[in-house]
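The values are calculated or read from the model by the stated rules, or taken from the named source; none is laboratory data. This structure is a prediction, so every number in the text was calculated from the model and none was measured. Here the Cβ positions follow ideal geometry from the backbone for every residue, glycine too, while neighbour counts run over all protein chains shown.
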Amino acid sequence: MSDRSIDQSRLVVISGPSGSGKTTVCNRLIEDPDIVMSVSATTRFPRPGEKDGVNYYFLSPDEFQRWIAQGRFLEHAEYNGDLYGTPRGQLEEKLDAGATVLLEIDVQGARQLRENCPNALYIFLDAPNRDEGVRRLTGRNTETPEQVRRRLEAARRELEQTDLFDHKVVNDDLDETVGRIRDLIREAERAGKST
Ligand code: 5GP
């Protein structure tokens, strides 16, 4: 495994329950040319329109285990019966290119990452209320009722572990949320440069 250190002042971790609007918020943040997404690997099947290497690296369970054995993940976790992980190589390349990198990962992943990268910026995004989270999740129509039930259960567990984050942002108004997170990123980068 690479043992080089990571420039944590340009690493932004965004977690939050399914339905909190993480993907929409991240898509808005990456309209800034200096901000890019980390591309995770997963064993889940692609949803319609998702592309390998763009939305995720879609791996078989065997391939995923091989990547773990090769030390290619900065963190990895099981979510809803599938494996998800952050590959190191792509992250280092993006940081080397001077970008700020967003990681949209689950709370277990954020917890693991915090051990190696305590100085990254950790943001927990929450839906304004439970009903709104459920509406966004079921409105997506990409999951079966059983998958929705399991995601809501995972969301409940995630909401019990928000203490490890630097900031909790309630995604009430999308423009305000995006503006607030942009400000937090700028602050973290300024603080990183001055240390
Ligand atoms: P989805 O299947 O909806 O794309 O993602 C399910 C969950 O996995 C979300 O909470 C998402 O943030 C999380 N996730 C996506 N990529 C990663 C990753 O690389 N590591 C971890 N720990 N979680 C991830």
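Given the condition part of a helix (DSSP H, G or I) and under 18 Å from TYR79 (Cβ atoms), answer yes or no: does some residue in segment 117-128 qualify?
No, because not a single residue in segment 117-128 is part of a helix (DSSP H, G or I) and under 18 Å from TYR79 (Cβ atoms).
Against the conditions (1) within 15 Å of the ligand (Cβ to nearest atom); (2) modelled with pLDDT under 95, where does LEU11 fall short? Just the number, please.
Only one criterion is unmet by LEU11, namely (2).
Name the residues in segment 89-101 that are within 14 Å of the chain's Cα centre (by Cα) and closer than 20 Å to ILE68 by Cβ, would you?
Once the filter is applied, which keeps residues that are within 14 Å of the chain's Cα centre (by Cα) and closer than 20 Å to ILE68 by Cβ, segment 89-101 yields only LEU91.
When you scan segment 107-126, how many residues do you find that are out of contact with any Gly (no Cβ under 9 Å at 6 or more places or on another chain) and within 11 Å of the ligand (Cβ to nearest atom)?
So the answer is 5.
What's the number of the condition ASP172 fails, among (1) assigned to a helix (DSSP H, G or I); (2) surrounded by fewer than 14 Cβ atoms within 10 Å (Cβ to Cβ)?
Condition (1) is where ASP172 drops out.
Scan ARG150, ARG130, ARG140, ARG135 and give me the residue that is out of contact with any helix residue (DSSP H, G or I) (no Cβ under 8 Å at 6 or more places or on another chain), within 14 Å of the ligand (Cβ to nearest atom) and at pLDDT below 80.
ARG140
From (1) away from the ligand (no atom under 15 Å from the Cβ); (2) modelled with pLDDT of 90 or more; (3) assigned to a helix (DSSP H, G or I), pick out the condition that doesn't hold for ASP163.
(2)
Output the residues belonging to segment 37-78 that are touching a residue at least 60 places away in the same chain (Cβ under 8 Å), farther than 27 Å from SER9 by Cα and within 11 Å of the ligand (Cβ to nearest atom).
ARG47
Quick grid of which residues meet (1) basic (Lys, Arg); (2) exposed (fewer than 11 other Cβ atoms within 10 Å of the Cβ); (3) in contact with a strand residue (DSSP E or B) (Cβ under 9 Å, 6 or more places away or on another chain); (4) in a strand (DSSP E or B):
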position: ILE6; (1), (2), (3), (4): no, no, yes, no
position: VAL12; (1), (2), (3), (4): no, no, yes, yes
position: PRO17; (1), (2), (3), (4): no, no, yes, no
position: VAL25; (1), (2), (3), (4): no, no, yes, no
position: GLU31; (1), (2), (3), (4): no, yes, no, no
position: ALA41; (1), (2), (3), (4): no, no, yes, yes
position: PRO46; (1), (2), (3), (4): no, no, yes, no
position: TYR57; (1), (2), (3), (4): no, no, yes, yes
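Yes/no matrix, rows are residues, columns are (1) without any contact (Cβ under 8 Å) to a residue 24 or more places away in the chain; (2) surrounded by fewer than 17 Cβ atoms within 10 Å (Cβ to Cβ); (3) not acidic (Asp, Glu):
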residue: GLU132; (1), (2), (3): no, yes, no
residue: GLU143; (1), (2), (3): yes, yes, no
residue: ARG150; (1), (2), (3): no, yes, yes
residue: ILE181; (1), (2), (3): no, no, yes
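Checking the condition crowded, with 21+ Cβ neighbours inside 10 Å and charged (D, E, K, R), which residue from ASP126, ASP96 passes?
Residue meeting the stated conditions: ASP126.
Examine segment 79-100 for a residue that is of a type outside the set (S, T, N, Q), near the ligand (Cβ under 9 Å from one of its atoms) and in contact (Cβ under 8 Å) with a residue 60 or more places away in the chain, and state whether such a residue exists.
There is at least one residue in segment 79-100 that is of a type outside the set (S, T, N, Q), near the ligand (Cβ under 9 Å from one of its atoms) and in contact (Cβ under 8 Å) with a residue 60 or more places away in the chain.
So which residues in segment 59-71 are crowded, with 17+ Cβ neighbours inside 10 Å and either touching a Ser or Thr at 6+ places or on another chain (Cβ under 9 Å) or under 17 Å from ARG114 (Cα atoms) (or both)?
Across segment 59-71, the qualifying residues are LEU59, PHE64.
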